[in-house]
Amino acid sequence: MGDERDSFPGSQECVAPDVIAKDNRKIIVPEKFREDIEALEKYMKICFKSGLCIKISLAEIYSIVPRRRRRIDSYKGLVRYIEEELNVKLVINSNKTKSL
């Protein structure tokens, strides 16, 4: 067997995408997070970029991006989306509970 590969007519090799191609992809932000992200960027006076870490208090984020409930778990979806899609870590601290 060795290092030889058997190739079949019409078969394609799987090639991992370049890191550059991943970074240059256009991210479409869902409507439910669009206003939240724009408000955070305006408040922080920065555009989100990969690798950024933002630490903010619950009171601050509540004044920027209000929710029905004033609890950290109200922002769980936003925190997860920003981290997974934009590679930005959003840490929300509260005096009463652990950070998210």
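Can you name every residue in region 28-72 that is among the aromatic types (Phe, Trp, Tyr) and open to solvent by less than 40 Å² (accessible area, probe 1.4 Å)?
Listed by number, the residues that qualify are PHE33, PHE48.
May I ask you to list pairs of residues, at least six apart or on different chains, whose Cβ atoms are under 6 Å apart, with the first in region 73-88 being open to solvent by 40 Å² or more (accessible area, probe 1.4 Å) and the second being not polar (S, T, N, Q)?
GLU83/LYS89; GLU85/ILE27
The values are calculated or read from the model by the stated rules, or taken from the named source; none is laboratory data. Computed from a predicted model, the values in this text were never measured in an experiment. A quick note on method: Cβ atoms are made from the backbone with ideal geometry, for glycine too, and the neighbour counts reach across all protein chains shown. When the accessible area is computed, the model is the full protein with side chains, heavy atoms only, and any ligands, DNA or RNA have been set aside. Shrake-Rupley method; radii C 1.70, N 1.55, O 1.52, S 1.80 Å.
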